[in-house]
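Student: Here it is: the structure, laid out below.
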Amino acid sequence: MNEWKQVDPLMLHQGEKVLKALLESGHSAYFVGGCVRDELMGRPVHDMDIATSAKPEAVMELFERTIPTGLQHGTVTVLMEDIPFEVTTFRRESQYEDHRRPAAVEFVDGIIEDLQRRDFTMNAIARSLDGRLTDPFHGEADIRGGVVRCVGKAEERFEEDALRMVRAVRFASVFGFRPVKSLWRALIKGRDKLSFVAMERIRAELERVVLGPDPLRGMELLRRSQLLHYAKVPLNEANTAPKQRLERLAVLPHLAAEPGELRWSMLLQGLGVSGGEAAAKMKQWTFPNHMAQAAARIILFDEAWCEARGASSKTGTDRLRQSWIELQILFGKTTAELWLRRQHQWLASQHGDRSADLPRLQELGRELEQEQKWFLEVPVQHLQDLAIRGNDVLVVSEKKGGPWLGELMKHILLLVANQELPNEKEPLLEYVKAVVKHNES
Ligand code: ATP
Ligand code: MG
């Protein structure tokens with residue numbers, strides 16, 4: 001049967017054209033890897049990788065538009081009507097250095113040997129133009145059985161490239177699969193080799209877990225294996241985080257369409273990373289600085305706001321509202337807004353959960369309404385939003401500038417934000433005069 005059900009027809013048509021062209025020039029060629037796997041699983045195929053006996057130079061000669069993506073690894077990207085296809089020469093990898101990339105790749109003649117270098121049985125299936133599968137490691141059966149299994153001996157495969165351990169967790173998590181016992185044993189035995197792998201590659205796999213349908217599953221596997229403890233920049237918290245805290249992460253699938261900083265703030269917090277350490281930790285994890293800062297701000301906001309909420313039974317609603325406004329100004333409107341979104345999604349995710357504590361959820365819902373109202377009410381956000389400038393203050397006060405000026409401006413900003421003063425020039429300058437006079441007397 002030669003029917004692809006999970007591929008966009010246009011992509012399929014162009015992909016088949018690439019395969020045909022290779023076959024017609026006397027090479028062998030197959031669809032391989034993720035696309036074959038996803039089709040068998042009934043999951044949408046987002047790209048089609050091709051493996052061929054043709055050498056990269058031959059591939060580049062054969063097609064009009066190509067990009068030499070990774071010539072030394074045998075990969076050329078072929079563009080067909082703007083759709084990219086990665087075409088990789090059959091290869092074997094050898095002499096892995098430091099438990100990561102192979103030092104040498106060697107082109108080989110047959111597809112079987114190419115499939116042998118691949119990580120898991122489900123990723124080591126080839127599909128010919130007429131739809132026949134080459135599946136020497138019984139990947140189809142493992143897909144049906146819902147298991148992640150290495151091609152060959154797990155211990156050796158993890159020894160070669162330690163990233164495969166994180167990939168095993170990723171595939172188990174995203175597909176809801178179970179790692180076979182031998183894989184799990186090898187992972188526990190080989191986990192200390194993870195320190196050789198670049199954080200960037202680990203992060204990319206983790207990102208897939210977080211974006212997947214059941215990140216909790218991945219987190220639980222990470223917790224049980226303590227794998228991240230052995231990364232170059234360890235995430236100790238992943239091991240020690242109690243289960244209840246991990247359960248907060250159930251919201252992650254609901255955040256898939258939200259900005260990355262929102263997801264990572266949730267994930268890090270779920271793993272027990274505090275706002276104070278989050279930015280540094282994320283930078284070490286090779287996140288861009290702006291992402292690290294933004295996620296840290298959300299966690300800091302959450303920590304400060306939870307504390308204010310906790311104290312509010314003593315301090316009362318007015319004081320609580322003031323705290324919200326102070327925090328919104330301190331951490332910025334964007335942070336407050338992201339925090340509200342996160343809270344909203346979390347509540348939404350809990351409503352479908354029968355084990356949730358309903359009265360508590362209702363209370364949180366009421367609190368969220370209040371927070372949203374305060375968020376919208378704050379009339380000014382930055383010093384630039386004020387109706388007066390520092391210079392105006394200097395003129396009416398007849399004083400020299402200094403640190404006092406910045407402090408007074410911030411104080412006025414809070415008063416205006418709190419709607420204790422109107423944001424109009426005259427009343428604000430009157431206020432400045434009164435303060436100066438008071439301070440002089
Ligand atoms: P998806 O792109 O949907 O995440 P994929 O299977 O295409 O899944 P990629 O990371 O794009 O995953 O890799 C493409 C293929 O290359 C895999 O299917 C697998 O056969 C092989 N592969 C990728 N990384 C490794 C690795 N570290 N060791 C061995 N084989 C690998
Ligand atoms: Mg892929």
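Student: Restricting attention to region 51-63, report how many residues are within 16 Å of ligand 2 (Cβ to nearest atom) and out of contact with any helix residue (DSSP H, G or I) (no Cβ under 6 Å at 6 or more places or on another chain). Talk me through it step by step, then tell me what you get.
Tutor: First, pick out the residues of region 51-63 that are within 16 Å of ligand 2 (Cβ to nearest atom): 51.
Next cut, out of contact with any helix residue (DSSP H, G or I) (no Cβ under 6 Å at 6 or more places or on another chain) only: none.
The qualifying residues number 0.
Student: Only one of GLU337, GLU303, GLU307 is within 20 Å of ARG366 (Cα to Cα), out of contact with any helix residue (DSSP H, G or I) (no Cβ under 6 Å at 6 or more places or on another chain) and either among the aromatic types (Phe, Trp, Tyr) or in contact (Cβ under 8 Å) with a residue 24 or more places away in the chain (or both); which?
Tutor: Details: GLU303 fails: out of contact with any helix residue (DSSP H, G or I) (no Cβ under 6 Å at 6 or more places or on another chain); GLU307 fails: either among the aromatic types (Phe, Trp, Tyr) or in contact (Cβ under 8 Å) with a residue 24 or more places away in the chain (or both).
Answer to the selection: GLU337.
Student: Of all the helices (runs of 4 or more DSSP H) wholly in region 1-75, which have at least 3 residues that are within 16 Å of ligand 1 (Cβ to nearest atom) and among the polar types (S, T, N, Q)? Spell out the reasoning first.
Tutor: Values: elements: 9-24, 34-41, 56-62.
Answer list for region 1-75: none.
Student: Just wondering, is there one or more residues in region 256-271 that are among the charged types (D, E, K, R), part of a helix (DSSP H, G or I) and at pLDDT below 80?
Tutor: no
Student: Could you say which residue among LYS5, LYS20, LYS55 is touching an Asp or Glu at 6+ places or on another chain (Cβ under 9 Å) and surrounded by fewer than 18 Cβ atoms within 10 Å (Cβ to Cβ)?
Tutor: Values: LYS20 fails: touching an Asp or Glu at 6+ places or on another chain (Cβ under 9 Å); LYS55 fails: touching an Asp or Glu at 6+ places or on another chain (Cβ under 9 Å).
Just a single option satisfies the conditions, and that option is LYS5.
Student: Also, I was wondering about something else. Only one residue in THR66, THR77 is under 22 Å from VAL7 (Cβ atoms) and touching a helix residue (DSSP H, G or I) at 6+ places or on another chain (Cβ under 9 Å), so which one is that? Lay out the reasoning, then the answer.
Tutor: Working: THR77 fails: touching a helix residue (DSSP H, G or I) at 6+ places or on another chain (Cβ under 9 Å).
Only one candidate passes the filter, namely THR66.
Student: Here's a check for you: in region 171-183, which residue that is outside any loop (DSSP other than H, G, I, E, B) and surrounded by fewer than 21 Cβ atoms within 10 Å (Cβ to Cβ) is nearest to ligand 2 (Cβ to nearest atom)? Lay out the reasoning, then the answer.
Tutor: Taking region 171-183 and keeping what is outside any loop (DSSP other than H, G, I, E, B), we get 171-175, 178-179, 181-183.
From what's left, surrounded by fewer than 21 Cβ atoms within 10 Å (Cβ to Cβ): 174, 178, 181-182.
Numbers: VAL174: 12, ARG178: 22, LYS181: 27, SER182: 25 Å.
Among those that are outside any loop (DSSP other than H, G, I, E, B) and surrounded by fewer than 21 Cβ atoms within 10 Å (Cβ to Cβ), it is VAL174.
Student: Further, regarding this structure: In region 5-44, what residues are of a type in the set (Ser, Thr, Tyr) and either farther than 25 Å from ALA141 by Cβ or within 16 Å of ligand 2 (Cβ to nearest atom) (or both)?
Tutor: Pass one, region 5-44, residues of a type in the set (Ser, Thr, Tyr): 25, 28, 30.
Listed by number, the residues that qualify are SER25, TYR30.
Student: In region 337-358, which residue that is at pLDDT below 90 and in a helix (DSSP H, G or I) is nearest to GLN269 (Cα to Cα)? Give the derivation first.
Tutor: Kept after step one, since they are at pLDDT below 90, are these residues of region 337-358: 345-358.
With in a helix (DSSP H, G or I) added as a condition, the list becomes 345-351, 358.
On the way: GLN345: 16, TRP346: 14, LEU347: 17, ALA348: 19, SER349: 17, GLN350: 18, HIS351: 21, LEU358: 23 Å.
Among those residues, the one meeting the criterion is TRP346.
The values are calculated or read from the model by the stated rules, or taken from the named source; none is laboratory data. All of these numbers come straight from a predicted model, not from anything done at the bench. Heads up, the Cβs are rebuilt from the backbone with ideal geometry, glycines too, and the neighbour counts pull from every protein chain shown.
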